[in-house]
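The values are calculated or read from the model by the stated rules, or taken from the named source; none is laboratory data. All figures in this text were calculated on a predicted structure; none of them were measured in a lab. Counting neighbours? That spans all protein chains shown, and the Cβs are built from the backbone with ideal geometry, glycine included.
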Amino acid sequence: MFEKRIRLFKVFGFEVGIDPSWAVLAILIAWSLSMGLFPAQYRGFSTKTYWIMGAVGTLGLFFSIVFHEMSHSLVARRYGIGIGGITLFIFGGMAQMVDEPPRPKAEFVMAIAGPISSILLSLAFYVTVSIGLVSGVPEPVAGVLMYLAMINGLLAAFNLLPAFPLDGGRILRSALWAWRKDLKWATRVSSRIGSAFGVFLILLGVFEFFRGNFIGGLWWFLIGMFLRGSARSAYEQLLLRKALEGEPVERFMNTEPVTVNPSLPVADLVHDYVYRYHYKMFPIVEESGRLVGCVTTRQVKHVPREDWSRKKVAEISSACSEENVV
């Protein structure tokens, strides 16, 4: 889903990254805080101060979302559910589950962990700013802390809406799953509700747009489109996963892949293999038949075109991973 994801750091073994679209959200939030919210609520400070407040507030939101998604991930690990990483993107953050929860309880606990963590974080910021105001903390610092208390509360409230794949929608799915003992049915119902909520947000966005609230209307419209698409995609993925359950990997894998020699020039790799077969990855195999690595088209993109004839495949290769080799 996030092909251009940029890796940032690891926390508790979970890789945290950002999609380039997050930059759009970060800029919009920093701008709206620096030019709108903070100047309106805290008057008399310099433009530089407002921009510093906006930047710190945006950074605080970043770590708040990571904290929210990390809560999901830690609970998922406890129940044996693999997490492919945490990614922040234009609509927030996502802990990418490798598989479905094993039972309704696991789904419920994992889903509720996010909103609870955001509520606790909101309370922590609120208590901190309350103590700070008594002890004379500068107003700009108090303003940022109050914003983070508010935004974490809103993050928890929005995620508790019963619209799949939001946390509230997953809580609803866990209840339906526990009731009917049918994950497929529970996912279908909760996905339809999530899709309907997405349509509602789309219509709200159109309404706000025609009222003159262009930016707000656009955001509601885009969030609605995202929720509607995500709800439908989640159900389709479940159907696909159920259809493939029990099928051996060898039925879908290529047992005789197109391989390349480690001494092959990058230019020949591009012209004789990439353009011919249109694969994104090629195993690198020595003449003895030993697998020594893999090379991808992404790695080729990092090599200047003028170096293609000089560089060998072995020089740009990397170890084969479980993502492409069995």
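Give the residues of segment 134-169 that are free of Cβ contacts under 8 Å to residues at least 40 places away in the same chain and either of a type in the set (D, E, K, R) or part of a loop (DSSP other than H, G, I, E, B) (or both), sorted by residue number.
Passing the criteria: S135, G136, V137, P138, L161, P162.
Just to be sure, is F200 over 21 Å from S118 (Cα atoms), in contact with a helix residue (DSSP H, G or I) (Cβ under 6 Å, 6 or more places away or on another chain), free of Cβ contacts under 8 Å to residues at least 40 places away in the same chain and outside the structural domain of M110 (by TED's automatic domain parsing)?
Working: over 21 Å from S118 (Cα atoms): yes; in contact with a helix residue (DSSP H, G or I) (Cβ under 6 Å, 6 or more places away or on another chain): no; free of Cβ contacts under 8 Å to residues at least 40 places away in the same chain: yes; outside the structural domain of M110 (by TED's automatic domain parsing): yes.
Against the criterion (over 21 Å from S118 (Cα atoms), in contact with a helix residue (DSSP H, G or I) (Cβ under 6 Å, 6 or more places away or on another chain), free of Cβ contacts under 8 Å to residues at least 40 places away in the same chain and outside the structural domain of M110 (by TED's automatic domain parsing)), F200 does not qualify.
Could you check segment 91-107 and list, in sequence order, the residues that are within 19 Å of L172 (Cα to Cα) and among the aliphatic types (A, V, I, L, M)?
Here is the first cut: in segment 91-107, the ones within 19 Å of L172 (Cα to Cα) are 94-95, 97, 99-107.
Hits for segment 91-107 are M94, A95, M97, A106.
Quick one: in segment 140-160, of everything that is surrounded by fewer than 17 Cβ atoms within 10 Å (Cβ to Cβ) and aliphatic (A, V, I, L, M), which residue is farthest from S64 (Cα to Cα)?
V141
Does T49 qualify as being in a helix (DSSP H, G or I), farther than 24 Å from L218 by Cα and among the hydroxyl-bearing types (S, T, Y)? Walk me through it before giving the result.
Working: in a helix (DSSP H, G or I): yes; farther than 24 Å from L218 by Cα: yes; among the hydroxyl-bearing types (S, T, Y): yes.
It is true that T49 is in a helix (DSSP H, G or I), farther than 24 Å from L218 by Cα and among the hydroxyl-bearing types (S, T, Y).
Could you tell me how many of the residues in segment 146-163 are among the aromatic types (F, W, Y) and within 25 Å of S191 (Cα to Cα)? I'd like the intermediate steps shown before the answer.
First pass over segment 146-163, keeping only residues among the aromatic types (F, W, Y): 147, 158.
In the following step, the residues that additionally are within 25 Å of S191 (Cα to Cα) were identified as 158.
Counting residues in segment 146-163 that are among the aromatic types (F, W, Y) and within 25 Å of S191 (Cα to Cα) gives 1.
Among the residues that make up segment 14-22, is at least one of them more than 17 Å from P138 (Cα to Cα), assigned by TED's automatic domain parsing to the domain that holds P138 and part of a loop (DSSP other than H, G, I, E, B)? Step through it out loud before you land on a result.
If we filter segment 14-22 for residues that are more than 17 Å from P138 (Cα to Cα), which is where we start, we get 14-22.
Filter once more, so that each one left must be assigned by TED's automatic domain parsing to the domain that holds P138: 14-22.
Keeping just the survivors that are part of a loop (DSSP other than H, G, I, E, B) gives 19-20.
Checked segment 14-22: at least one residue is more than 17 Å from P138 (Cα to Cα), assigned by TED's automatic domain parsing to the domain that holds P138 and part of a loop (DSSP other than H, G, I, E, B).
Would you confirm whether or not segment 174-192 contains a residue that is under 23 Å from the mean Cα position of the chain (by Cα), hydrophobic (A, V, I, L, M, F, W, C) and not in a loop (DSSP other than H, G, I, E, B)?
The answer is no; no qualifying residue exists.
Filter segment 30-46 down to the residues that are surrounded by 15 or more Cβ atoms within 10 Å (Cβ to Cβ) and either farther than 15 Å from V56 by Cβ or free of Cβ contacts under 8 Å to residues at least 60 places away in the same chain (or both) and list them by number. Break it down into steps so the answer makes sense when it comes.
Taking segment 30-46 as the starting set, the residues that turn out to be surrounded by 15 or more Cβ atoms within 10 Å (Cβ to Cβ) are 30, 32-34, 37-39, 42, 45.
Residues satisfying the conditions are A30, S32, S34, P39.
Identify, please: which residue in segment 275-291 is surrounded by fewer than 16 Cβ atoms within 10 Å (Cβ to Cβ) and in contact with a helix residue (DSSP H, G or I) (Cβ under 8 Å, 6 or more places away or on another chain) and is, among those, farthest from K4 (Cα to Cα)?
Here the answer is Y279.
Condition test on F108, is it over 30 Å from R180 (Cα atoms) and either surrounded by fewer than 14 Cβ atoms within 10 Å (Cβ to Cβ) or hydrophobic (A, V, I, L, M, F, W, C) (or both)? If you could, list the steps in order and put the result at the bottom.
Numbers: over 30 Å from R180 (Cα atoms): no; either surrounded by fewer than 14 Cβ atoms within 10 Å (Cβ to Cβ) or hydrophobic (A, V, I, L, M, F, W, C) (or both): yes.
For F108, the condition - over 30 Å from R180 (Cα atoms) and either surrounded by fewer than 14 Cβ atoms within 10 Å (Cβ to Cβ) or hydrophobic (A, V, I, L, M, F, W, C) (or both) - is not met.
Return the residues of segment 47-64 that are among the hydrophobic types (A, V, I, L, M, F, W, C) and either touching a Lys or Arg at 6+ places or on another chain (Cβ under 6 Å) or buried (at least 21 other Cβ atoms within 10 Å of the Cβ) (or both); say none if nothing qualifies.
M53, L61
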